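First the structure, in the form of structure tokens, and then the observations on it.
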Amino acid sequence: MAGKSTYKKLNELKNRLLDYKHPATVQELAEFMDCNTRTIFRHLNTLEIENCGLKKTKDSPYRYYLLPTQPKRP
């Protein structure tokens, strides 16, 4: 059986990050996704480029979450 596509991995990561009341560190996300931290940084970069509401806290280490955006009405 083939592995998950990048699209599915990004969606899985997005679903985890939508829990904005519990932001996650890169290490926590790597454990959740069962991959290394460098892969998480690449995925976070992709999400940032998508402009899907990726935010990070000012904590050390940074914690990441997605803030759902509402479409603006004219």
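The values are calculated or read from the model by the stated rules, or taken from the named source; none is laboratory data. In this text the structure is predicted, and so the values were computed from the model without any measurement. Here the Cβ is made from the backbone with ideal geometry for all residues, glycine too, and neighbour counts use every protein chain on show. We work out accessible area using only protein heavy atoms, side chains counted, and drop any ligands, DNA or RNA first. Shrake-Rupley method; radii C 1.70, N 1.55, O 1.52, S 1.80 Å.
How much of the accessible area of region 1-53, probe 1.4 Å, is carbon plus sulfur, in whole percent? Heavy-atom surface of region 1-53 belonging to carbon and sulfur, 1.4 Å probe: 50 percent.
Computed about the Cα centre, the dipole magnitude for the chain is approximately 300 debye when only Lys and Arg (+1) and Asp and Glu (-1) carry charge, each at its Cβ.
For the chain, place one equal point scatterer on every Cα, skip the solvent, and apply the Debye formula. What is log10 of I(q)/I(0) at q = 0.21, 0.22, 0.27 Å⁻¹? At q = 0.21, 0.22, 0.27 Å⁻¹ the computed log10 ratios are -0.91, -0.99, -1.43. With helices as the sole contributors, the chain gives -14000 deg cm²/dmol at 222 nm; each DSSP H run of n ≥ 4 counts as -39500 (n - 2.57), and the sum is divided by every residue. Accessible surface computed residue by residue for the chain, with neighbouring protein chains in place and a 1.4 Å probe, gives 79 Å² per residue.
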